[in-house]
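Notes follow once the structure below has been shown.
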Amino acid sequence: MYGVVTRNEEEVDWPEFDRGFYEVKDVTGRAAEPLSNAVNMISCFGDNAAANESPELVPVDGEGNPATRDRTYFDWAYICPTNEKYRAGLLEIVEDAAAANGDVRLDDVGFPRDEYCRCDRCTSQFEAWAADRGRDADDEDAWFEWRAEVITDFVADAAERVPGRLYLTLYPDPYPGHLYRRSGLDVEALSAHVDEFVVPLYDTNYGTTYWLETIARGFVSLLEPYDVDFSLELYAVNVDVDDLIHAIEVADEYAKDVLFGYDASNAAATLRRMTADGSRGKTYHPEDATR
C-alpha cells in the first residue's frame, strides 16, 4: 500500500494513494484543522514557534546548551517532554485529531539527544523518581530508564485518546540501544501502545540504495519480536522518477507500506510510471478472451 505525507488538504484524496497523512502541527509550529479523510499527523516535541516564544520550554544539556535549530545536529527546536502544560496541549491536539479521524500519527516524539534534558524540572523529577525506586541518581542507566518512562507514559496517554490506529515515527537508527539512549524511545514498551512504526529514510536522489536496504533490514530485526507493523517513508521532492522507483522496490521488500513525503505530484507520477511499466510487454492470445 502507498501513502502520501502532505500539508495540502486536497492531496490526501488523490487516487494514486491508498492513504493520506496530513500534518495538523509541524515543526514550525504551524497548525491546521484536522481532516476526517486523513491520518492526522502531529509534531509533538519539535516546535520552532513555541521555542521562540517561550525559551524556557527548550531542553538544555548539562552545560545549559539549548536544543535549538541554530545548534549543531538540530534541524528544528525542541520542547522539553516533561513540561506538563505543553504535554497537556499536545494531548488536546491528539483528541481533536482523533475526533476527526480515529487514526493518528505522532511525529517527533522523544528527547533531542542523549545528553538532554538537564533543566531544573527534569533534574528534580529524575531525582524523585530515583529516590522512589531506590536507585542511585548518579547511575547513568537509571537516567536513561527514567527518560524512557517519560516518553512511554506520554505515548500511552495519547493512545488512550486514539480509538483507531496509532502511528509513531522512529528516528532512522535501528542499531541496538540507539533509539533508547538518543531519544528515550523504548521500542518494546512503546509497542504495547503503538499499532505501526513509521521510519523516514530521506535522500534527495536515491542514487544508491544499499544503505536504505541496510537500515530497513535493521528495523525488521529490531521490531520482529513485537506485534507491531512497520512502514517506510521516502522523500519525493525533486527526486528523479527512476531513482524513486528503485527506492520503492527496495522499501517494498521490507515494509508493510511505503509513504511519500512532501511532493505528491512527483510521487503520483512515479506510481503511475510503475503501473505503466508493469503492464508493458504482456502478450495476449486469442484464447485469453474465453478464459
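So the values come out like this:
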item: Filtered residues of the stretch 231-268 (kept if surrounded by fewer than 19 Cβ atoms within 10 Å (Cβ to Cβ), in contact with an Asp or Glu (Cβ under 6 Å, 6 or more places away or on another chain) and free of Cβ contacts under 8 Å to residues at least 60 places away in the same chain); result: 237
item: Flag for residue 187 being within 19 Å of residue 117 (Cβ to Cβ) and either in contact with a strand residue (DSSP E or B) (Cβ under 7 Å, 6 or more places away or on another chain) or among the β-branched types (Val, Ile, Thr) (or both); result: no
item: Failed item in (1) under 18 Å from residue 183 (Cα atoms); (2) among the small types (Gly, Ala, Ser); (3) surrounded by fewer than 22 Cβ atoms within 10 Å (Cβ to Cβ), with residue 32 passing the rest; result: (1)
item: Candidates 251, 255, 247, 236, filtered to the one that is of a type in the set (Gly, Ala, Ser) and over 18 Å from the mean Cα position of the chain (by Cα); result: 247
item: Residues (out of contact with any Ser or Thr (no Cβ under 9 Å at 6 or more places or on another chain), surrounded by 15 or more Cβ atoms within 10 Å (Cβ to Cβ) and within 18 Å of residue 26 (Cα to Cα)) located in the stretch 53-68; result: 57, 67, 68
item: The listed residue being at pLDDT below 95, assigned to a helix (DSSP H, G or I) and either in contact with a Cys (Cβ under 7 Å, 6 or more places away or on another chain) or β-branched (Val, Ile, Thr) (or both), out of 275, 214, 283; result: 275
item: Residue count, the stretch 1-25 (criterion: modelled with pLDDT of 95 or more and either assigned to a loop (DSSP other than H, G, I, E, B) or of a type in the set (Asp, Glu) (or both)); result: 12
item: Filter result (closer than 10 Å to residue 112 by Cβ, assigned to a loop (DSSP other than H, G, I, E, B) and not small (Gly, Ala, Ser)) within the stretch 48-70; result: 58, 59, 61, 68
item: Wholly within the stretch 82-193, helices (runs of 4 or more DSSP H) carrying at least 2 residues that are farther than 25 Å from residue 215 by Cα and not β-branched (Val, Ile, Thr); result: 84-100, 120-132, 140-160
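Yes or no, residue by residue, for (1) basic (Lys, Arg); (2) buried (at least 21 other Cβ atoms within 10 Å of the Cβ):
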residue	(1), (2)
173	no, no
178	no, no
182	yes, no
202	no, no
211	no, no
219	no, yes
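The values are calculated or read from the model by the stated rules, or taken from the named source; none is laboratory data. Remember, predicted model here, so these are calculated numbers, not experimental data. Neighbour counts run over all protein chains shown; Cβ positions are idealised from the backbone, glycine included.
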